[in-house]
Every structure is written in structure tokens, then in C-alpha cells.
1. Could you list all residues from the range 22-47 that are surrounded by fewer than 20 Cβ atoms within 10 Å (Cβ to Cβ), touching a residue at least 12 places away in the same chain (Cβ under 8 Å) and closer than 16 Å to residue 236 by Cβ?
2. Which residue is farthest from the ligand (Cβ to nearest atom), if the candidates are limited to the range 181-196 and must be in contact (Cβ under 8 Å) with a residue 24 or more places away in the chain and in a loop (DSSP other than H, G, I, E, B)?
3. Here is a check on your reading of the model: is residue 234 under 26 Å from residue 99 (Cα atoms), in contact (Cβ under 8 Å) with a residue 12 or more places away in the chain and surrounded by fewer than 19 Cβ atoms within 10 Å (Cβ to Cβ)?
4. I'd like to verify a number: residues in the range 197-236 that are under 12 Å from residue 174 (Cα atoms), away from the ligand (no atom under 12 Å from the Cβ) and touching a helix residue (DSSP H, G or I) at 6+ places or on another chain (Cβ under 8 Å), how many?
5. Among the residues of the range 106-116, is there at least one that is touching a helix residue (DSSP H, G or I) at 6+ places or on another chain (Cβ under 7 Å), in contact (Cβ under 8 Å) with a residue 40 or more places away in the chain and surrounded by fewer than 19 Cβ atoms within 10 Å (Cβ to Cβ)?
6. Given the conditions (1) touching a residue at least 40 places away in the same chain (Cβ under 8 Å); (2) farther than 16 Å from residue 91 by Cα; (3) outside any helix (DSSP H, G or I); (4) touching a strand residue (DSSP E or B) at 6+ places or on another chain (Cβ under 9 Å), which single one is not true for residue 247?
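Read-outs throughout are calculated quantities, based only on the coordinates presented, and are distinct from any laboratory measurement. Values in this document were obtained by computation on a predicted structure and should not be read as measured data. Cβ atoms come from the backbone with ideal geometry, glycine included; neighbour counts cover every protein chain shown.
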Ligand code: PEP
């Protein structure tokens with residue numbers, strides 16, 4: 001009932017040439033049509049990615065958006081601008097934004113409102129640090145991040161949550177399928193109490209060093225509906241294999 005979704009977060013990587021090569025390879029590759037696929041390049045590569053993916057099954061998204069609609073916000077990009085360009089998706093609350101740009105749950109909540117209002121489909125990232133996990137605080141941290149971002153919204157249809165334990169991002173460490181499933185089940189139970197969310201229909205992605213070799217066992221878990229993929233999304237055959245593992 002929940003269509004699998006695999007989204008690639010390209011972070012701050014790429015050039016016009018490499019974007020063309022990577023998308024050329026992905027567009028020519030065989031990816032099962034039962035899986036929804038999206039790529040999220042840098043802002044400056046969005047127009048190129050949208051042009052290359054036009055008419056294909058690959059959706060395109062940004063890695064962030066502003067909370068504001070317009071105005072004196074140097075360096076920011078409004079959700080309405082992304083929608084106007086043709087973007088489908090926007091990643092919000094990524095741990096790198098939280099850590100390096102001090103993004104708070106209330107700012108992420110405002111960004112979520114802007115994204116929804118603009119008609120973008122948000123992928124909201126949550127996840128605990130290694131210290132928080134070792135202190136037994138993983139569930140409390142994720143619950144607070146969910147409440148902080150989601151409370152007060154009424155239109156949350158189509159929302160996607162990515163559980164990304166910070167200790168697993170770009171480290172080569174992956175949560176075990178059981179660890180990931182436990183938190184995904186917890187997130188789904190938390191979502192059941194949030195106004196405007198249909199918890200059973202909400203897709204929950206796992207993120208954190210997903211590779212072709214571990215994707216299958218993660219996707220076999222009952223509450224894992226796909227992945228947000230960083231490093232492996234930059235290698236066409238790896239991303240294709242991860243997408244197909246979700247089919
Ligand atoms: C990410 O940054 O969203 C991510 C999951 O990265 P990686 O797959 O490289 O751990």
C-alpha cells in the first residue's frame with residue numbers, strides 16, 4: 001500500500017558535466033517502475049536535472065528551502081521558487097543543516113509550512129547522534145524532532161519522514177535492520193498522534209550509509225519504505241541497485 005521511495009541526496013557534489021553523466025546513466029538504466037525515485041542535486045544543478053529528467057519517472061528535489069516567501073534573505077531560496085522551477089521534492093531538517101547551520105525544530109517547522117504551501121513534497125529528516133543513542137535517548141530525540149517540526153500543521157498529506165541516525169551518515173556504519181525497524185515503528189506510532197498525518201500511509205525512509213549490499217535487508221523491514229541515500233547516490237550503478245532492492 002505504500003509505494004517504495006528512494007531519494008538521492010547529492011549534497012554539495014557535482015558539476016554540469018558530472019550531473020549530465022550521472023543522470024544520463026540513471027535515465028538509461030533499468031529501474032523497476034514500482035519504485036518512486038528522486039534525485040536532489042545542489043540548487044545550481046536543479047534546472048539542469050529538471051531538464052534532463054523531464055518526462056521520465058525520476059523526480060527532482062532540493063536539499064533545503066527558506067522559511068520565508070521572499071525578501072531580504074541573502075543566499076536563501078524560497079519554496080515557491082523551487083516549485084516554480086518544477087521541483088517535486090524538498091529535503092528538510094537534514095542533520096548537516098541542523099549541525100552546521102544551527103537549524104532548530106521551529107525553523108524546520110516554518111520551512112515545512114513554506115514547502116507545503118508551495119506544493120512541494122517534503123522529506124523531513126530526523127535522527128539521533130551517537131552520544132544520544134548511547135545514552136538511551138534515541139526515541140526521545142526523534143519524538144522531540146517530530147513534534148517540533150510537525151505540531152501545528154494541518155495539511156501533512158504526502159509527508160515523507162527520513163530516519164537518519166547521525167552516527168550512520170557518511171560513516172560507513174549502518175543501523176542494523178532491527179535497530180532501524182525499531183525506530184521506524186516508533187516513528188509510525190508517534191505519527192499516529194499527529195493531527196493531519198495518516199500514519200499508515202506515510203512513507204518512512206531509512207538513511208545512513210545505505211549501499212547495494214545492505215539495502216535489501218533494510219527494505220525487508222515492515223516499516224521501512226525506502227531510503228534517503230547520500231554517497232551511494234553519486235554512483236549510478238549503486239543507486240540503481242538500491243532502487244531495485246526496494247522494488
Ligand atoms: C544523507 O546524507 O542523507 C545520507 C544518508 O548519507 P550517506 O548515505 O552517505 O550516509
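1. Once the filter is applied, which keeps residues that are surrounded by fewer than 20 Cβ atoms within 10 Å (Cβ to Cβ), touching a residue at least 12 places away in the same chain (Cβ under 8 Å) and closer than 16 Å to residue 236 by Cβ, the range 22-47 yields 24, 25, 27, 29, 30, 32, 35.
2. Across the range 181-196, the extreme among qualifying residues is 195.
3. It is true that residue 234 is under 26 Å from residue 99 (Cα atoms), in contact (Cβ under 8 Å) with a residue 12 or more places away in the chain and surrounded by fewer than 19 Cβ atoms within 10 Å (Cβ to Cβ).
4. The total comes to 1.
5. yes
6. Just one mismatch for residue 247, condition (4).
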